[in-house]
Amino acid sequence: MFACNRNSTCSQQEQEGDHPPVPALEAECAYTLFVVAIFWLTEALPLAVSALLPAFMFPLFGIMESKEVASAYFKDFHLLLMGVICLATSIEKWNFHKRVALRMVMLVGVNPAWLTLGFMVSCSFLSMWLSNTSAAAMVMPIVEAVAQQIAAAEAEADALEMSYSNGSTNLALELDGRHTNTAGEEKTRGWLVQPSKMKSEKKYDYREDKYSGIFKVMCLCIAYSATIGGLTTITGTSTNLIFAEHFNTRYPDCKCINFGSWFILSIPITVVILVLSWVWLQWLFLGFDFKSMFKCGKKKTAREEASAKVIQEEYKKLGPMSYPEIVTLVLFILMTLLWFTREPGFIPGWSSLFPKYKGYATDSTTALVIGLLFFIIPAKTLSRTSNGESTAYGYAPLITWKEFQSCMPWEIAILVGGGFALADGCEVSKLSDWVASKLTPLGSLPLWLVILISCLIVTSVTEVASNPATITIFLPILSPLAEAIHVNPLFILIPATLCTSFAFLLPVANPANAIVFSYGHLTVMDMVKAGLGINIIGVAVVMLGIMTWIVPIFDLYTYPSWAPIISSNSTGL
């Protein structure tokens, strides 16, 4: 069956009121969207492979030419992603992430509650600039080492107390987790641990320990803070990047979504969700003793002493900051400053230095300029001999192309390209207009209820589907919905994008959850119980933000001139 072109006799029959003998372009595009969505949700094929389906289905259905579909698979988003991955590659290569994580934890202290908060802040900060998966994978080994040392110290402290109560002393037990007898030493995940109550030749089982609550909290805080931190920046998570590219492509005259504007609207949301999540996890597993947290002069417990010792020893192993770390930090700060100052809004940005080419430079321009420097700047400095001469060395940049390739998420790049192709197909085939006409009755509902319904839907779907696939499916639906009910599209798209990241319930909901769960210290019910509360907290805070402080940032109560006005007389199927 052949597709019906708009310039064909079939189109003439449609204009005269007769039904065409072949399916309309709207139906063919809807079928393609449905097939791709099913493959994405079920993951019957790899996400990137499923994203390639529009590349051959659209030309066969006569919706778009092959070269037009191909051009949708590589856009400004991909250049931005490549620049950010250059930074992430250097951070991982030179262990700068570990220094940041340990330093932040050292600043907050070793009280269990403050220690948990320190891990959450450090992990969320890293996830602002790296992928959520990388942030969780980087910090979790540190948490594991601290937890193992805590378990050893607590067991030995209990044994010492029991020995004293029985009138005897076991001199073989030491607080630092090492055993001095001749029975040998057990090494667990790189840490020497020999608690008297530990099963021989087995890893310490948190679930059998009376202090299991603190270990569950420490594990869950990494999984959740990695996701929460990614909300803060456009580059923090793939869903934010997909939204930004979709929005700027659909509404090219807006020019209101950039790194600075997104950071301003999302940083309060991130901070509030992070703090409330910390309180929720503490209360759920430990009981939130607010008074003891701020009590000064309190003697440290064996657990706190062990935590401090592990963190300090691990930080000492890093030594002073190396030359590559310093350069990476400088380039990181430079990239961030250039992002913020390109078009800050309240003052002229550096883009105003090029008035003839207004709008030409974007956040991807900055990312690429800084990203290229990682391939140019050498990883070593010239060392001088005693006679003052510089010694020659083999030139090596901060990162190599092979290292960049190993960190570049090509699957996400192709997945996003498939989403752009679907969005273009919906526009060309007029499927977006048809969806908008069918959603017009929702305009009779209160605006807050429309936003809440969309947030709950995407939050539910993202628990069983990947975050990028979920946002890619819903953006082409929610954009015409906002236009149909004559509401600023940002009013619906911003909260929906944020809520797409709220995949906290299941270990398979996102990679950060899976990484933490793989350590074996949590049950599925632990994650479901904790994640349900954080899901509710997240949706509530997003609703609060979109109805209060985000409104004046984008003047949300005014229907913008850059958004089209959709007529309700659109063609039906």
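The values are calculated or read from the model by the stated rules, or taken from the named source; none is laboratory data. Source: prediction; values computed, not measured. Cβ sites come from the backbone with ideal geometry, for glycine too, and all protein chains shown count toward neighbours. The accessibility values were calculated without ligands, DNA or RNA, using every heavy atom of the protein model including side chains. Shrake-Rupley method; radii C 1.70, N 1.55, O 1.52, S 1.80 Å.
Observations, loosely collected:
- Net charge dipole, segment 28-144: roughly 580 debye, given to the nearest 20, about the Cα centre with Cβ charges of +1 for Lys and Arg and -1 for Asp and Glu.
- Accessible-area composition of segment 408-541, carbon plus sulfur, in percent [1.4 Å probe]: 77 percent
- Counted over segment 400-474 with a bin width of 10 Å, the fraction of Cα pairs per bin, in whole percents, is 15, 31, 35, 12, 6, 1.
- Computed accessible area, H246, all protein chains, 1.4 angstrom probe, square angstrom: 20 Å²
- Cα centroid separation, segment 30-62 to segment 452-484: 17 Å.
- Solvent accessible area, Å² - M525, 1.4 Å probe, full protein context: 130 Å²
- When the alpha carbon coordinates of segment 515-557 are projected onto the principal axes, the ranges are 48, 18, 10 Å, largest first.
- Segment 42-138 shape via C-alpha gyration tensor axes, a/c threshold 1.5: prolate
- Based on protein heavy atoms only, segment 231-271 ends up with 25 Å² per residue of surface accessible to a 1.4 Å probe.
- For segment 31-126, the carbon plus sulfur part of the accessible surface works out to 71%, probe radius 1.4 Å.
- Listed residue pairs exceeding 28 Å between alpha carbons, taken from K67/K356; K98/K309; K356/K402; K216/K309; K75/K358: K67/K356; K356/K402
- All C-alpha to C-alpha distances of segment 433-532, sorted into 10 Å bins beginning at zero, yield P(r) values of 16, 41, 25, 14, 5, 0 percent in whole numbers.
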